[in-house]
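Participant: Starting off with a structure, shown below.
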Amino acid sequence: GSIRQNNIINGNSPLKLFTHAKTTITDIFKNITSYVNDSNIYLSDVIKSDRNLISNEKYKEIQHLKEKVSRILSIISRDHMKVVFFGRTSNGKSTVMNAMLRERILPVGMGHTTNCFLQIEGTDKIEASVLIPGCDEPKNINNLSTIGNALSREKVDSDSLVKILWPKEKCHLIRDDVVLVDSPGIDVSANLDQWIEKYCLDADVFILVVSAEATITIAEKTFLHNVATRVSNPNIFILMNRWDATDDEPEMVDLVKKQHLDRGLEFLCDELNLYQRKEAAEHRMFFISAREALSNRNIDLSSSSKSGFTKAHKERLADFNKFEHEFEKCISKTAVQTKFEQHANRGKEILSLISETITNTINKSQTIKEESSEKLIQMEERNTFVENELISITDVAKEKIRYVAEDVYKRVSQTLND
Ligand code: GDP
């Protein structure tokens, strides 16, 4: 039953894990909002009753929770999954991204024009637009070639960020909250540390695109070493691109593949010490042709004769699909953990702060009652309204605390374990 249920929840893509968790955590925080509001109403009555049941500081602290919770809700609404692509110029980064986006969005083969960071993110608008640093307004882009034109006309620094706002409805990756970042060729940028500081610290996944005709360079390795010192347990994928080049030398394919695999695994597993060899060989390195994957995705499948593809071609397409699936699983799981676990913990803190405060006021009120003189009891009677409210709200509050807290624990741990 649960596998079927998971499939329904996840749709076809593992990315749904993230979007589902985001909806869930939003609901939870809406619950917390109403609980915070109720508690504030109750505590302001307590303050008005002037019986010293709660200190002013505590009261203010609880009042501030309102803003805190609404801030968290707005952060959640902006939470997304982020993947950074890097590698030398012309290794095929833009082509890989286009293949994943299933459209030729990024300009390809114009090394000099993409000499800055390009971030592709979703917009609810129907039209695509470009946001260039220094300009306040995004510029509409009517067709794709204008992205290239817009970029080559503007002077942008190599470490500045140009945003492409792409209609969510056009692309499933973007609809499911994935933000993709293309970087300038690692061979042309001197300031790798600054790159990491500015654009990579919140990345969930790093994808190194290597040309199968070359090997991983020192610059690429240095970059990943720096990433690994700043980001704990980074998720790295290595794509050996242009694997179609091996069609010219079919007898060499297995040997070359083994060499690439050995070197890549040595780097990821022994040098960076990030994964086990078996796991990395299965899940972290892929031999693909981004160009073939892109054109395969752009053709009308009904009219094409897929049977014309060679075995090697089919294998490359299959490896691209496998990579995408692994990528989607990995990025959604990581993003849920790094982003939502933190929110869930804040939620739990907020709940226990309120619950503790309310319990304290109740205990205090009871103590006062027990110790109080006849006069105080009379005064108490004047406060029966507050008193009754206090009791009823306490019961409701306790019930709510239990419900919300259990809900948070259950849903979060379920989401994290999926
Ligand atoms: P980037 O500079 O890393 O973004 O590289 P691009 O994506 O712009 O690609 C540079 C050139 O390599 C373009 O002409 C692409 O068409 C070509 N290219 C990209 N991927 C492949 C591939 O898998 N096989 C072949 N043969 N060419 C590719």
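We did not get these values from a lab; they are worked out from the coordinates using the rules stated. Treat the numbers as computed from the prediction; the structure is a model and nothing was measured. Note that we place each Cβ from the backbone using ideal geometry, even for glycine, and neighbour counts take in every protein chain shown.
Participant: With a 10 Å Cβ neighbour count serving as the proxy for reagent exposure, in which order, fewest first, do K93, K22, K58 appear? Before the final figure, lay out each step's value.
Facilitator: Numbers: K93 28, K22 23, K58 17.
Neighbour counts put them in this order, fewest first: K58, K22, K93.
Participant: Which FRET efficiency value, to the nearest 0.05, is calculated for H225 and N52 with the Förster distance at 60 angstrom and r the Cβ-Cβ distance? Working shown, then result.
Facilitator: On the way: r = 59 Å, r/R0 = 0.99.
The pair H225/N52 has a calculated efficiency of 0.50.
Participant: If each residue of separation counts as 0.36 nm, what is the full-extension length gain between S352 and L201 once their alpha-carbon separation is subtracted? Each step should come with its number before you reach the end.
Facilitator: Details: separation 151, 0.36 × 151 = 54.36 nm, distance 3.09 nm.
Gain in length upon complete extension: 51.3 nm.
Participant: Distance between Cα centroids, the range 253-295 to the range 58-92: provide it in whole Å.
Facilitator: Computed from Cα coordinates, the inter-centre distance equals 32 Å.
Participant: Okay, moving on. Suppose the chain between D45 and C135 were pulled fully straight at 0.36 nm per residue; how much longer would it get relative to their current alpha carbon spacing?
Facilitator: Values: separation 90, 0.36 × 90 = 32.40 nm, distance 5.01 nm.
Extra length available between D45 and C135 comes to 27.4 nm.
Participant: Find, to one decimal place in angstroms, the Kirkwood hydrodynamic radius of the range 197-298, where the mean of 1/r is taken over every pair of different Cα atoms and then inverted.
Facilitator: Numbers: mean 1/r = 0.0687 Å⁻¹.
After inverting the mean inverse Cα-Cα distance, the result is 14.6 Å.
Participant: Could I ask something else about it? Treating each Cα of the range 248-302 as an identical point scatterer and ignoring solvent, apply the Debye formula and state log10 I(q)/I(0) at q = 0.24 Å⁻¹.
Facilitator: Those come out to -0.91, one per q.
Participant: Between D124 and Q366, what's the calculated FRET efficiency when r is the beta-carbon distance and R0 is 56 Å? Round to 0.05.
Facilitator: Values: r = 53 Å, r/R0 = 0.94.
About 0.60, to the nearest 0.05.
Participant: Subtract the Cα-Cα distance of E67 and E251 from 0.36 nm times their separation in residues, and report this length gain in nm to one decimal.
Facilitator: That pair, E67 and E251, stretches by 59.7 nm at full extension.
Participant: Going down the table (K168/K198; K82/K258; K82/K163), which pairs top 22 Å between alpha carbons? Can you show the working numbers first?
Facilitator: On the way: K168/K198 25 Å; K82/K258 31 Å; K82/K163 14 Å.
As for pairs spanning more than 22 Å Cα to Cα, those are K168/K198; K82/K258.
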